[in-house]
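Read through the structure below, which is laid out as C-alpha cells, and then see the notes.
The values are calculated or read from the model by the stated rules, or taken from the named source; none is laboratory data. Note that the structure is predicted; figures quoted are calculated from it, not measured. Heads up, the Cβs are rebuilt from the backbone with ideal geometry, glycines too, and the neighbour counts pull from every protein chain shown. Accessible surface is based on the protein model in full, side chains and every heavy atom, while ligands, DNA and RNA are left aside. Shrake-Rupley method; radii C 1.70, N 1.55, O 1.52, S 1.80 Å.
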Amino acid sequence: MILLQSPSRFLLQILQDRLLSPDKGVDLDCHSVEFDDVRYHIQFSMRNPHVVVLSVSLPIPPPEAIFFDGLPFGAIEAIKAAYGAVAQILDPPKDGYNLTMKLNLLKLPSDEEQRQALLVKIASVREVVLGAPLRFVLKNLATKTVAPEMDQLIALVHRPKESFFLLPQQAEKVTVIYPMRFQDSTDIVLATSFLQELIESRRTAGLNNAPSCMWSPSPPLELKGAPAQALTANAGFVTFVIFPRHVEGKKLDRNVWSLLTFHAYVSYHVKCSEGFMHTRMRRRVESLIQALDRAKPESEKSKKSVSGKSFKRLSLNEAHSNSNS
C-alpha cells in the first residue's frame, strides 16, 4: 500500500528552484491546494530575492476542536522549534489564512545535507502545524508521562469540520479514535470492507509489534462525553492503541504523520480500488462483446434495412478502428 508523503512537492520544488538561482528568478505569486483542504500561498519578490512569504490555510475546525488564534495547541512552539531563525511568524496572518511566515533563505545552514533537510521540513509545514498537539501527546507518551492540560479526551482537526480523538489518560498508552465518514455510498461499502481487512491483517505474525487496531460500527466507550455530532460515522470507528515503543526515536515523526493522515490514506486506497474495479469491469464487458461477435455466423452478421439495403454489424475492434480513422 502507498503511504502519503509529508513534504508538499509543490512547496519543496519552488524552494529548491529559488535557492539554486535566487538572482535569476522572477516575481512569483503561487497558490496550491492539497487534500483535506490545506491551501498554500507562496510569494517571492525580486526586490528581496532571499525572502519568501508563505501562508497556510488549514481545514475549518469542528466545534469540538479547539484552536488558539487560528492555530492548534502548541503550533507556535512547534514552528519555532522546527525552523528556528529561518522563519518569522507574521501577526496577523494574511486574510483567509491561519498562518503567514517570512522565510529568510540566507539563514539556511551552509551544510548541503542540513540545508536540504530544513527545506523538506519547511515543505512539511502541514505536519508541523496540524500535528503539533499530537506530537506533544506522543512525546509525553515516550517518557511515560501525561501533561496536566492533556489528561482528557482531545479533539484534533484533520479534515474540514471533522476531527479525530486522543485519549491520553494513562502514562503507558494513548488511544486514538477515528470516526470514518464518506459521502458516496460506494465509498462507504469499500471503506468498511477495507477497514475490516485492515483489522484482520493486524493479527498476522509479522505485525505483532504494530499498534493494536480495532473497528466497530458504533462509537467506542472511550468517546463517552464527546459531542453528539462527532459520533456520527457511516463507515464505523477505528481505534489504535499507541504504546511508548511505537514513538521511540525516529518512529515519532513517522507515526505523527501516519495518524494525522489516516483518513486520507483510507480514502486514497478506496478510490484506487474503485478505479481498479471499473477498469476490470470495462475489460470484462469488452471481452464478452468480442466473444458474442465471434459466435455469430457470417449470414447473421449481414442484415437488410427496410429500404432493402444490406448492412453489416461491426465488431468491437472494427468499430474502434473506424472511429480512429
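Being in a strand (DSSP E or B) and under 16 Å from Ser6 (Cβ atoms) is the filter; apply it to the stretch 26-53 and report the residue that is most open to solvent (accessible area, probe 1.4 Å). Can you show your working first?
Restricting attention to the stretch 26-53, the residues satisfying the condition of being in a strand (DSSP E or B) are 28-34, 38-44, 51-53.
Those left that are additionally under 16 Å from Ser6 (Cβ atoms): 32, 34, 38, 40.
Values: Ser32: 23, Glu34: 43, Val38: 0, Tyr40: 2 Å².
The residue in question is Glu34.
Keeping to the stretch 68-110, report how many residues are closer than 23 Å to Asn48 by Cα, at pLDDT 90 or above and acidic (Asp, Glu).
The qualifying residues number 1.
Could you count how many residues in the stretch 231-247 are within 18 Å of Val266 (Cβ to Cβ) and either among the aromatic types (Phe, Trp, Tyr) or assigned to a helix (DSSP H, G or I) (or both)?
2
Of the numbered conditions (1) open to solvent by less than 40 Å² (accessible area, probe 1.4 Å); (2) at pLDDT below 90; (3) not aromatic (Phe, Trp, Tyr), Ser57 fails exactly one; give the number of that condition.
Going through the list (1) open to solvent by less than 40 Å² (accessible area, probe 1.4 Å); (2) at pLDDT below 90; (3) not aromatic (Phe, Trp, Tyr), Ser57 breaks only (2).
When residues of the stretch 197-219 are filtered for being out of contact with any helix residue (DSSP H, G or I) (no Cβ under 6 Å at 6 or more places or on another chain) and either at pLDDT below 90 or of a type in the set (A, V, I, L, M, F, W, C) (or both), how many remain? It would help to see each step written out before you state the result.
First pass over the stretch 197-219, keeping only residues out of contact with any helix residue (DSSP H, G or I) (no Cβ under 6 Å at 6 or more places or on another chain): 197-210, 212, 214, 216-218.
From the residues that got through so far, the ones that are either at pLDDT below 90 or of a type in the set (A, V, I, L, M, F, W, C) (or both) too are 197-210, 212, 214.
Of the residues in the stretch 197-219, 16 are out of contact with any helix residue (DSSP H, G or I) (no Cβ under 6 Å at 6 or more places or on another chain) and either at pLDDT below 90 or of a type in the set (A, V, I, L, M, F, W, C) (or both).
When you look at Arg181, is it assigned to a loop (DSSP other than H, G, I, E, B), within 15 Å of Glu162 (Cβ to Cβ) and of a type in the set (Lys, Arg), yes or no?
Details: assigned to a loop (DSSP other than H, G, I, E, B): yes; within 15 Å of Glu162 (Cβ to Cβ): yes; of a type in the set (Lys, Arg): yes.
Against the criterion (assigned to a loop (DSSP other than H, G, I, E, B), within 15 Å of Glu162 (Cβ to Cβ) and of a type in the set (Lys, Arg)), Arg181 qualifies.
Is the stretch 76-86 home to any residue that is free of Cβ contacts under 8 Å to residues at least 24 places away in the same chain, surrounded by 14 or more Cβ atoms within 10 Å (Cβ to Cβ) and out of contact with any Phe, Trp or Tyr (no Cβ under 7 Å at 6 or more places or on another chain)? Please lay out each step first, then the result.
Here is the first cut: in the stretch 76-86, the residues free of Cβ contacts under 8 Å to residues at least 24 places away in the same chain are 76, 80-81, 84-85.
Okay, now just the ones that are also surrounded by 14 or more Cβ atoms within 10 Å (Cβ to Cβ), so 76.
From what's left, out of contact with any Phe, Trp or Tyr (no Cβ under 7 Å at 6 or more places or on another chain): 76.
Yes, the stretch 76-86 has at least one match.
Looking only at the stretch 207-226, which residues are in a helix (DSSP H, G or I) and open to solvent by 60 Å² or more (accessible area, probe 1.4 Å)?
To start, the set of residues in the stretch 207-226 that are in a helix (DSSP H, G or I) comprises 207, 221-223.
Result: Leu207, Leu221, Glu222.
Can you name the residue in the stretch 193-206 that is over 23 Å from Glu248 (Cβ atoms) and among the hydrophobic types (A, V, I, L, M, F, W, C) and is also least open to solvent (accessible area, probe 1.4 Å) among such residues?
Here the residue is Leu195.
Which residue pairs have Cβ atoms under 9 Å apart, sit 6 or more places apart or on different chains, and have a first residue in the stretch 202-231 that is of a type in the set (Phe, Trp, Tyr) and a second that is open to solvent by 60 Å² or more (accessible area, probe 1.4 Å)?
So the pair list comes out as Trp215/Gln196.
Which numbered condition in (1) outside any helix (DSSP H, G or I); (2) among the basic types (Lys, Arg); (3) modelled with pLDDT of 80 or more is the only one that Lys271 fails?
Failing condition for Lys271: (1).
Could you check how many residues of the stretch 87-106 are under 23 Å from the mean Cα position of the chain (by Cα) and open to solvent by 20 Å² or more (accessible area, probe 1.4 Å)?
Within the stretch 87-106, the subset under 23 Å from the mean Cα position of the chain (by Cα) is 96-101.
Of the ones still in play, those that are also open to solvent by 20 Å² or more (accessible area, probe 1.4 Å) are 96-98.
The qualifying residues number 3.
Just to check your reading of the model, which residue among Leu153, Leu190, Leu166, Leu130 is farther than 25 Å from His269 by Cα, touching a helix residue (DSSP H, G or I) at 6+ places or on another chain (Cβ under 8 Å) and either of a type in the set (D, E, K, R) or surrounded by 16 or more Cβ atoms within 10 Å (Cβ to Cβ) (or both)? Spell out how you get there, then give the answer.
Numbers: Leu190 fails: farther than 25 Å from His269 by Cα; Leu166 fails: farther than 25 Å from His269 by Cα; Leu130 fails: farther than 25 Å from His269 by Cα.
When all the criteria are applied, what remains is Leu153.
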